[in-house]
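Quick one: the structure is below, and I'll ask about it shortly.
The values are calculated or read from the model by the stated rules, or taken from the named source; none is laboratory data. Note that the structure is a prediction, hence the values are computed from the model and not measured. Note that we place each Cβ from the backbone using ideal geometry, even for glycine, and neighbour counts take in every protein chain shown. Remember, those area values only see protein heavy atoms, side chains included, never the ligands or the DNA or RNA. Shrake-Rupley method; radii C 1.70, N 1.55, O 1.52, S 1.80 Å.
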Amino acid sequence: MTQERGSGGLAAALAALSTVETLETFGRVTAIRGLLVEVAGPVSAMRLGGRIDVVVEGAGVAASTVPCEVIGFAGDRALAMPFGSLEGVRRGCPALVRDEAAGAIRPSAAWLGRTVDALGRPIDGLGPLAQGPAIYPLRADPPPAHGRRRVGPPLDLGVRCINTFLTMCRGQRMGIFAGSGVGKSVLLSMLARYTAADVAVIGLVGERGREVQEFLQDDLGAAGLAHSVVVVATSDEPVLMRRNAAYVTLAVAEYFRDQGAQVLCMIDSITRFAMAQRDIGLAGGEPPTAKGYTPTVFSELPRLLERAGPGVGEGAISGLFTVLVEGDDHNEPVADAVRGILDGHIVMERRIAEQGRYPAINVLRSVSRTMPRACDPAHLPTVRRARKVLATYADMEELIRLGAYRAGSSPEVDEAVALMPDLTAFLGQGKEEATSISEGYDRLAAIVGGA
């Protein structure tokens, strides 16, 4: 009898507890300065990088929330930036403190063929995304240097200029440095379609809105999209969305790498990520340094880019990251910092694009840090000879164009002049054309020989 009363009392207590509302920790909006939201309240419950939801209420209008991220603290106030519009937010709006997992995603194989935003939400109209069992933080640490594998064998990119002169290996990270309008988006589309990888994860950071559908339908195509995940944050979205798009891209790539896949990770562009981080830093009170970039820009770049590369298991992330050089200055701060972090750089020049050769890659100014080890030793003499011919012609190009060079003055220059038409045709490649590594070597040997 006593046991029955005890179990009945426990059941009654549990039933009563189930009716108790869950407590929520929240503060209040005290000020809005530009894109910065100041929140007063239990700042000890908030954390740097944590999420808070500002509740927007209005007369006769259903309440909505604006997700924000805490970017700093000033005295007894938390400083937050929004992931959406601040329209309707006023002083006194509740700011709900969210849990630790808010800055993470749960990708799965079902994400292949889908397009998501910078919070991991589907934006392609194909329904909800299946969530995986594992949580991947957006700002994860790179794998430990001592535990990583070395880069793997050569990776076939399908672009013969890069395959032969700038051979890339599995797990290598390369930068594509170009000014605006020289064809880097077309080059990225070729790499996305033709690279021999299991999965492609593509981040469009600060991209023009009208170009997203063109890239998905025309450049990537149905076949390319089937084994890809595309993360999009257009140029009109808040700075946090543009920055987070790069983090989500790497987090999705890390998931597939952990499944043992060979992943091609592309972000267009790292410069827009850096600009977004600069805006966040300036809003938080950081001092501007070179060209207005804040110190956190140069600390976040290696944290982001080092996440690509070989993993500790069989999988690897091969990275291709574009850098939009301002005013065609390849030594501007972001380009200089990224070049020092990555394992090579591909330089695209406006002068070459104006001559009508695409992709407009300057082979002599480009470097792959896995060369010459990545090149087949049997073809290395061919590559060296071709580089020598290109260098000889580049040294005398102005005199040749002006007609100041007299044929017969130098056998090396005469040979370079004779071979340049075929070399120029070799370096150019149509958008719908793919060339394997072996085919590229054979074509180059037919032009310059191997001796």
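Scanning the stretch 317-329 for residues that are within 16 Å of MET275 (Cα to Cα), of a type outside the set (S, T, N, Q) and within 14 Å of the chain's Cα centre (by Cα), which turns out modelled with the lowest pLDDT?
LEU324
For LEU320, indicate whether it is in a strand (DSSP E or B), under 22 Å from ALA145 (Cβ atoms) and open to solvent by less than 10 Å² (accessible area, probe 1.4 Å).
So LEU320 passes the test.
Taking the stretch 11-53, which residues are loosely packed, with under 10 Cβ neighbours inside 10 Å and either modelled with pLDDT of 80 or more or of a type outside the set (Asp, Glu) (or both)?
Correct list: LEU14, ALA15, ALA16, LEU17, SER18, THR19, VAL20, THR22, LEU23, ARG33, SER44.
Could you figure out which of (1) among the small types (Gly, Ala, Ser); (2) closer than 19 Å to GLN262 by Cα; (3) not assigned by the TED database to the domain that holds GLY319 isn't true of GLY92?
(2)
For the stretch 234-241, indicate whether the set of residues that are touching a Ser or Thr at 6+ places or on another chain (Cβ under 9 Å), closer than 23 Å to ILE105 by Cα and among the hydrophobic types (A, V, I, L, M, F, W, C) is non-empty.
Looking through the stretch 234-241, at least one residue is touching a Ser or Thr at 6+ places or on another chain (Cβ under 9 Å), closer than 23 Å to ILE105 by Cα and among the hydrophobic types (A, V, I, L, M, F, W, C).
Please enumerate the residues belonging to the stretch 183-215 that are of a type in the set (Ser, Thr, Tyr), touching a Gly at 6+ places or on another chain (Cβ under 8 Å) and open to solvent by 40 Å² or more (accessible area, probe 1.4 Å).
Correct list: TYR194 only.
Against the condition touching a residue at least 40 places away in the same chain (Cβ under 8 Å) and either outside the structural domain of GLN277 (by the TED database) or not in a strand (DSSP E or B) (or both), how does GLY84 come out, does it pass?
yes
Here is a follow-up. Have a look at PRO288, PRO238 and point out the one that is over 26 Å from LEU155 (Cα atoms) and free of Cβ contacts under 8 Å to residues at least 12 places away in the same chain.
That would be PRO288, the only listed residue that is over 26 Å from LEU155 (Cα atoms) and free of Cβ contacts under 8 Å to residues at least 12 places away in the same chain.
If you don't mind, there's one more thing I want to ask. Would you say PHE165 is outside the structural domain of GLY221 (by the TED database) and touching a helix residue (DSSP H, G or I) at 6+ places or on another chain (Cβ under 6 Å)?
In short, no.
GLY281 versus (1) without any contact (Cβ under 8 Å) to a residue 24 or more places away in the chain; (2) part of a helix (DSSP H, G or I); (3) open to solvent by 40 Å² or more (accessible area, probe 1.4 Å): which is the lone unmet condition?
Going through the list (1) without any contact (Cβ under 8 Å) to a residue 24 or more places away in the chain; (2) part of a helix (DSSP H, G or I); (3) open to solvent by 40 Å² or more (accessible area, probe 1.4 Å), GLY281 breaks only (3).
If you don't mind, another one. Would you check if ALA391 is open to solvent by less than 60 Å² (accessible area, probe 1.4 Å), of a type outside the set (Asp, Glu) and not assigned by the TED database to the domain that holds ARG357?
Yes; evaluated as a whole, the condition is true for this residue.
Within the stretch 26-76, considering only strands (runs of 3 or more DSSP E) that don't extend past its boundaries, which have at least 2 residues that are touching a residue at least 60 places away in the same chain (Cβ under 8 Å)?
Output list reads 26-33, 61-74.
Checking PRO381 against (1) outside any helix (DSSP H, G or I); (2) over 28 Å from VAL182 (Cα atoms), which test does it fail?
Failing condition for PRO381: (1).
Rundown of residues vs (1) in contact with a strand residue (DSSP E or B) (Cβ under 8 Å, 6 or more places away or on another chain); (2) within 21 Å of VAL252 (Cβ to Cβ); (3) acidic (Asp, Glu), yes/no style:
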| position | (1), (2), (3) |
| --- | --- |
| ARG278 | no, no, no |
| VAL312 | no, yes, no |
| GLY315 | yes, yes, no |
| ASP336 | no, no, yes |
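So ARG384 fits all but one of (1) within 27 Å of LEU342 (Cα to Cα); (2) open to solvent by less than 60 Å² (accessible area, probe 1.4 Å); what number is the exception?
It is condition (2) that ARG384 fails.
Given the criterion free of Cβ contacts under 8 Å to residues at least 12 places away in the same chain and over 18 Å from the mean Cα position of the chain (by Cα), identify the matching residue among GLU332, GLU354, GLU349, GLU314.
GLU354
Open to solvent by less than 30 Å² (accessible area, probe 1.4 Å), modelled with pLDDT of 90 or more and of a type in the set (Gly, Ala, Ser), is that true of ALA104?
Spelling it out, it is not the case that ALA104 is open to solvent by less than 30 Å² (accessible area, probe 1.4 Å), modelled with pLDDT of 90 or more and of a type in the set (Gly, Ala, Ser).
Now, a different point. Could you list, in sequence order, the residues of the stretch 284-317 that are touching a helix residue (DSSP H, G or I) at 6+ places or on another chain (Cβ under 8 Å) and in a helix (DSSP H, G or I)?
ALA290, LYS291, GLY292, PRO295, THR296, VAL297, PHE298, GLU300, LEU301, PRO302, LEU304, LEU305
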